[in-house]
Amino acid sequence: MVDLSVNIKEEEKSYPVVIENSEIIDFAEKIFKITSGRNYLAVVSEKIEKLYGKQLKIPQKNKFVLKDGEKEKNFKNYKKILDCAQRMKLTRADMMLAIGGGVVGDMAGFAAATYMRGIDLVQIPTTLLACVDSSVGGKTAIDTDYGKNLVGAFYQPKIVLINPVFLKTLDDRQFKTGMGEVIKYSFIEKSCKCEEDLNLTNFLSEKYQQILNRDTKTLSKLIEICVKLKISVVEKDEKENGLRRILNFGHTYGHAVEKITNYKKYTHGEAVVEGIKFAFNLAVKRNLIDKNYAFLAEDVIKKYNFSPLLKFKPEKMVELMRLDKKAISEKIIFILPVDYSTVEAFELKPDEIFE
Ligand code: GLY
C-alpha cells in the first residue's frame with residue numbers, strides 16, 4: 001500500500017491519496033470502513049456496477065448508477081444526483097462517493113461541492129485517466145450547451161482511494177487515453193518541482209511492455225509517480241493561478257481537436273498527445289528545444305501506439321483555441337517544452353502558432 005498526502009495551505013483541506021493493489025472484495029472492506037456509521041450516496045459508473053457491483057457490495061439504496069460517456073456529464077444528471085441525495089435526506093454530516101472514471105468523479109464531485117454548500121467527497125477512480133489525473137486536485141465540473149467543464153468548482157475530496165486492479169478490465173481505448181495524460185507528465189516532470197527525482201520518461205521507456213500488459217504492480221508504480229507529480233503542482237497552486245497551468249500541456253491544441261470532431265472521433269488522451277506533438281513542433285520552430293529532444297519525445301509516444309490524427313484548418317483551430325476558457329484576449333496560452341521534461345507558458349498570437 002502506498003500512502004501519499006496532498007497538503008493544501010488551509011490544513012482542513014489536506015487529504016490522503018492511498019494506492020492499494022488488492023482484490024476488489026478486500027477493497028470493498030476499506031470502502032465499508034470509510035462509510036461506516038454515516039449515510040452516503042455512491043455515484044457509480046454503469047460499467048463498474050456491471051463488472052464489480054456484487055463484489056463492492058454497496059446497498060442499492062445508497063447507489064446512483066450513471067451511464068458511461070462524456071455526454072452524461074450534464075445538468076440533467078447533476079439534478080438527478082442532487083434529487084437522490086435529497087430523497088435520502090443526506091445531511092451535512094453525510095458523504096458522497098465517486099466510483100468510476102473522470103465523468104463520475106467530476107459530476108459526483110460537483111454535486112458534493114454544492115449539496116448543502118458542500119459535503120464530504122471520496123474519490124475512487126477506476127480508469128487510468130482518473131487515477132493519474134482527475135481524481136486528485138479537486139477539479140469538479142459539468143458540461144453545458146456552451147462547452148466542456150464550464151460550470152464547476154475547486155473542491156478537494158476527503159480521501160482518494162486508488163486500486164489498479166480495476167484497470168485490468170478497462171477497454172483498450174480508455175487505457176490509451178489515460179496513457180495520453182501519463183505521457184504528458186513525463187514531458188513536464190521537472191517543471192512540477194517535485195522534491196523526488198522520479199524519472200518518468202525512463203520508466204515509460206523501460207517498462208512499456210509491463211505497462212501495456214497492465215501488470216498491476218507496474219501500474220501501481222506508474223500511478224504513484226504521476227500522482228506525486230500532480231500533488232507537487234496542486235500543493236503549490238491549488239486554483240490554477242500559475243504553476244498548475246503546466247498540467248494543460250498538449251491541451252490547448254488537444255481541446256480544439258476534440259471540439260472540431262464533436263468529441264466523437266478521438267478520445268481526450270489521443271487529442272492531448274496530438275497537442276503534445278504540435279507543441280514539440282512549435283518549440284523546434286521557435287528554437288526553444290533541439291530536434292533530438294523532439295525525436296526522443298516522438299519515440300516515447302510511438303511506444304504507446306499513438307498514431308497521427310487528421311490535420312485541421314489552422315484558421316478553424318485558432319478560432320476554437322481562442323474560445324478555450326484558458327485563453328486571454330487575442331492571445332492564446334500555449335505550454336511549450338523548453339528543455340528536457342521542462343515546459344513554460346507562452347502567450348502567443350495566432351500567426352505565431354501557425355506560421
Ligand atoms: N487536469 C488538469 C488539472 O487538474 O489541473
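Quick rundown of the values:
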| quantity | calculated |
| --- | --- |
| Gain upon complete extension [residue 88, residue 51; 0.36 nm per residue less C-alpha separation] | 10.8 nm |
| The chain: relative contact order as a whole-number percent, Cα under 8 Å and 6+ apart | 15 |
| FRET efficiency, 1/(1 + (r/R0)^6) with R0 41 Å, evaluated for residue 212 and residue 331 via beta carbons | 0.55 |
| Total formal charge among the other residues, if their Cβ is under 10 angstrom from that of residue 134, Lys/Arg +1 and Asp/Glu -1 | -1 |
| Principal-axis tilt of helix 172-188 within the chain, Cα atoms, nearest 10 degrees | 60 |
| With DNA, RNA and ligands ignored, accessible area of residue 8 (1.4 Å probe; Å², nearest 10) | 10 |
| Rounded to whole Hz, the Karplus (6.51, -1.76, 1.60) HN-Hα couplings of the range 65-82, x for glycine and proline | 8, 10, 4, 8, x, 4, 5, 7, 7, 10, 4, 4, 5, 4, 5, 4, 5, 5 |
| Per-residue SASA entry for residue 29, accessible area with 1.4 Å probe, Å² rounded to 10 | 90 |
| In degrees, nearest ten, helix 24-35 long axis to first principal axis of the chain (Cα) | 70 |
| Cα long-axis angle, helix 251-260 against the chain (0 to 90 degrees, to the nearest 10) | 80 |
| Alpha-carbon centroid distance for the pair the range 297-323 / the range 202-236, whole angstrom | 24 |
| Selection from 266, 90, 21, by position along the positive dipole direction of the chain (Cβ) | 90 |
| Estimated vicinal HN-Hα couplings, Hz - the range 191-207 in sequence order (Karplus 6.51, -1.76, 1.60; Gly, Pro = x) | 5, 6, 6, 7, 5, 7, 8, 9, 6, 5, 4, 4, 4, 5, 6, 6, 9 |
| Helix-only mean residue ellipticity at 222 nm for the chain, each DSSP H run of n ≥ 4 adding -39500 (n - 2.57), per residue, nearest 500 | -13500 deg cm²/dmol |
| Lysine-lysine proximity count for the range 193-248, Cα under 21 Å, sequence distance 8 or more or distinct chains | 15 |
| Rg/Rh for the range 1-110, where both radii come from Cα atoms and Rh is the Kirkwood radius | 0.96 |
| Per-residue HN-Hα couplings for the range 268-282 [Karplus 6.51, -1.76, 1.60; θ = phi - 60°; Hz; x = Gly/Pro] | 4, x, 5, 5, 5, 5, 4, x, 5, 4, 4, 5, 5, 4, 5 |
| Environment charge of residue 40, counting only residues whose C-beta is closer than 9 Å and scoring Lys/Arg +1, Asp/Glu -1 | -1 |
| Net lengthening on full extension, residue 62/residue 18 (0.36 nm per residue, minus Cα-Cα) | 13.5 nm |
| Net charge over other residues, Cβ less than 12 angstrom from the Cβ of residue 171 (K, R count +1; D, E count -1) | +3 |
| Listed peptides 202-211, 181-190, 303-312 by packing density, highest first (mean Cβ within 10 Å) | 181-190, 202-211, 303-312 |
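The values are calculated or read from the model by the stated rules, or taken from the named source; none is laboratory data. For clarity, every value in this text was computed on a predicted model and none was experimentally measured. Glycine gets a Cβ as well: all are built from the backbone with ideal geometry, and neighbour counts include every protein chain shown. The accessibility values were calculated without ligands, DNA or RNA, using every heavy atom of the protein model including side chains. Shrake-Rupley method; radii C 1.70, N 1.55, O 1.52, S 1.80 Å.
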